[in-house]
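To start, the structure under review is shown below, and the notes come after it.
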Amino acid sequence: MESKYVGVHLPAGCTVSVGDSVADLQDVGVLPIDTDSNLEITYDKINIQGSKKETVLNYVKNMAAKATTELYQIRMDVINKLTGGVMTVTPVAGDPVVGVVQSIAAGWSIGRLYLLSGQNSNGTKQTLASVKSGATVLVSGTDYVQGSDASGKWGIIMISDADAPTGTAIDVTYGYTPAASMSVQMGAPVVEITPRIVRFLKMQDGKKYQVTLYSALLDGSLKLSFPGADADKPASLPVTISGMLDPDRAEGSQLLDIVDEIGVE
């Protein structure tokens with residue numbers, strides 16, 4: 001017999017992502033399996049009474065949200081997005097890599113972006129030595145173009161199969177300059193910050209429970225840890241994220257959006 005109970009959330013963990021828009025949300029990384037992520041929604045309830053203590057009006061204001069979680073992957077460029085830009089994060093270029101060959105498997109599709117695994121530290125597109133279908137050298141702008149996704153990663157987009165049948169693999173030979181390190185600098189009397197979109201996503205039995213904060217920032221502290229050599233866990237970063245109203249959105253949806261596929265029949 002099918003259960004009549006819905007909306008029961010089993011322990012399943014979640015993912016957290018951040019970005020300037022929904023289209024470019026980037027996963028903040030691994031969350032410890034034994035750490036809960038929590039989201040608290042708060043508001044002030046106002047009760048206006050008349051001279052005889054009769055209720056004239058009930059309403060709420062100052063709606064906000066506060067989320068807590070913990071990060072294992074301490075990527076400062078991603079964390080900087082959560083802070084709204086408190087840091088100056090600069091990739092330091094390493095040694096150039098040339099002659100990399102990456103294959104796009106047969107059965108590729110026209111118009112689809114195929115990302116190249118090697119990316120330039122400065123975010124520019126790779127230098128292509130050749131793009132071939134078998135022995136046929138393909139031409140940029142005629143057979144393919146270079147393109148990037150919302151996060152700025154570059155790859156190849158096939159725009160024609162006239163010289164490259166889709167049943168043939170595409171071999172891309174290219175060069176790029178990876179990052180050797182990340183330089184992070186902080187500190188100024190005043191730093192203007194920009195709220196980001198932050199999303200929490202939990203999957204359970206193929207169904208999602210998703211909460212999106214449309215205007216959120218990391219609370220004003222960063223606690224970087226340096227575990228001892230005999231510690232049981234790697235370094236982690238506890239974070240508290242505050243969501244506020246986004247006045248650019250329609251009233252009634254300025255704080256958050258929840259997509260609930262678990263609590264339906």
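Based on this model, can you work out whether Ile241 counts as surrounded by fewer than 17 Cβ atoms within 10 Å (Cβ to Cβ), under 21 Å from the mean Cα position of the chain (by Cα) and within 19 Å of Asp36 (Cα to Cα)?
Here the answer is no, as Ile241 does not meet what is asked.
So that you can scan it fast, the table gives a plain yes or no per residue for (1) closer than 28 Å to Met182 by Cα; (2) among the hydroxyl-bearing types (Ser, Thr, Tyr); (3) within 24 Å of the chain's Cα centre (by Cα):
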residue	(1), (2), (3)
Pro96	yes, no, no
Ala106	no, no, no
Tyr114	yes, yes, yes
Leu128	yes, no, no
Thr142	no, yes, no
Gly147	yes, no, yes
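Is there a residue being aliphatic (A, V, I, L, M), part of a loop (DSSP other than H, G, I, E, B) and surrounded by fewer than 16 Cβ atoms within 10 Å (Cβ to Cβ) anywhere in the stretch 121-134?
no
Restricting to the stretch 12-30, count the residues that are in a loop (DSSP other than H, G, I, E, B) and either at pLDDT 85 or above or more than 24 Å from the chain's Cα centre (by Cα) (or both). Before the answer, list the steps.
Taking the stretch 12-30 as the starting set, the residues that turn out to be in a loop (DSSP other than H, G, I, E, B) are 12-14, 20-21, 25, 28-30.
Retained after the next criterion (residues that are either at pLDDT 85 or above or more than 24 Å from the chain's Cα centre (by Cα) (or both)): 14, 20-21, 25, 28.
So the count comes out to 5.
Go through (1) surrounded by 12 or more Cβ atoms within 10 Å (Cβ to Cβ); (2) in contact (Cβ under 8 Å) with a residue 40 or more places away in the chain; (3) within 23 Å of Val18 (Cα to Cα) one by one and return the number of the condition Ala93 breaks.
Here Ala93 meets the rest and fails (3).
Going through the stretch 5-23 one residue at a time, which ones are out of contact with any Asp or Glu (no Cβ under 7 Å at 6 or more places or on another chain), within 14 Å of Thr212 (Cβ to Cβ) and either surrounded by 15 or more Cβ atoms within 10 Å (Cβ to Cβ) or not charged (D, E, K, R) (or both)? Talk me through it step by step, then tell me what you get.
Going residue by residue through the stretch 5-23, those that are out of contact with any Asp or Glu (no Cβ under 7 Å at 6 or more places or on another chain) are 5, 7-14, 16, 18-23.
Still in the list and also within 14 Å of Thr212 (Cβ to Cβ): 14, 16, 18-23.
Hits for the stretch 5-23 are Cys14, Val16, Val18, Gly19, Ser21, Val22, Ala23.
If you take the residues of the stretch 36-92 that are in contact with a helix residue (DSSP H, G or I) (Cβ under 8 Å, 6 or more places away or on another chain) and either of a type in the set (Val, Ile, Thr) or assigned to a loop (DSSP other than H, G, I, E, B) (or both), which of them is nearest to Ser181 (Cα to Cα)?
If we take residues in the stretch 36-92 being in contact with a helix residue (DSSP H, G or I) (Cβ under 8 Å, 6 or more places away or on another chain) and either of a type in the set (Val, Ile, Thr) or assigned to a loop (DSSP other than H, G, I, E, B) (or both), then Val89 is nearest to Ser181 (Cα to Cα).
The values are calculated or read from the model by the stated rules, or taken from the named source; none is laboratory data. Because the structure is predicted, anything quoted here is derived from the model rather than measured. Heads up, the Cβs are rebuilt from the backbone with ideal geometry, glycines too, and the neighbour counts pull from every protein chain shown.
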